[in-house]
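Reading through the structure tokens given below for one structure.
The values are calculated or read from the model by the stated rules, or taken from the named source; none is laboratory data. Source: prediction; values computed, not measured. Neighbour counts run over all protein chains shown; Cβ positions are idealised from the backbone, glycine included. Accessible surface is based on the protein model in full, side chains and every heavy atom, while ligands, DNA and RNA are left aside. Shrake-Rupley method; radii C 1.70, N 1.55, O 1.52, S 1.80 Å.
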Amino acid sequence: MKLASEAMGGKAAVRPPVSVQRDSSETVQSDAVIEFIPPLRLFARSLCKNPVEADDLVQETLLRAIENIHLYKPGTNLRAWLFTIMRNRFYSNCIKQAREKPGSKDCVASIPVGIVDTQYWHLRMSEMVRAINDLPVHFRETFVAVVILGVSYLDAAEMFDCDIGTIKSRIYRARATLASATE
């Protein structure tokens, strides 16, 4: 298979880089769009009543505005143009949501959820707390610091003034004692 450079007599064809010529007015208009983000967010929140959906609506609006900035006519009201885009996006989303309603017949949401046995877990938690309190003091302090509070082994070794291997041993023995106590 011949390369393109071989086909041209050994000389590689060099194409000039493709550049997009942007009008300076488009850059100015894009910068002006950014200035309207706070009012757009307020308007979106008044429409959506949900901050997450409002932020999504603002993002969609800005995306549409920047993609179609060439359609904006300089000298007209940029704010009104942006708000019109937002309002139209909002209505389009409402129509789409009405058309694509969640929760069809095969949806899992229609299956009743069993009642969680909170009393059982409360008793298990009480049992665990009692077992932790029954641990020897040096095991309990190390277990609480490392496992419950999330202190690193190295920091725990410095805190309790012992080797890191001692900390690991205490954690292992505390876990083994708790496992046998809560069976």
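From the Cα gyration tensor of the range 50-179, with a ≥ b ≥ c the square roots of its eigenvalues, which class applies: rounded if a/c is under 1.5, or else prolate if a/b is larger than b/c, or else oblate? Since a/c reaches 1.5 but b/c is at least a/b, the shape of the range 50-179 is classed as oblate. The distance between label points at Arg99 and Val113 comes to 3.2 nm (points 7 Å beyond Cα on the Cα→Cβ vector). Computed from backbone phi with θ = phi - 60° and the Karplus coefficients 6.51, -1.76 and 1.60, the 3J(HN,Hα) list for the range 46-61 is 6, 7, 8, 6, 9, x, 5, 5, 5, 5, 5, 5, 4, 5, 4, 5 Hz; x is used for glycine and proline. So, R0 is 30 Å and r is the distance between the beta-carbons of His138 and Glu183; what FRET efficiency does that work out to, to 0.05? Between His138 and Glu183 the formula returns 0.80.
Working with all protein chains in place, sort Glu127, Glu53 by solvent-accessible area computed with a 1.4 Å probe, largest first. Intermediate values should be presented prior to the final figure.
Numbers: Glu127 50, Glu53 85 Å².
Ranked list, largest accessible area first: Glu53, Glu127.
Entry comment: accessible area of the range 51-183 is 73 Å² per residue, from protein heavy atoms only and a probe of 1.4 Å.
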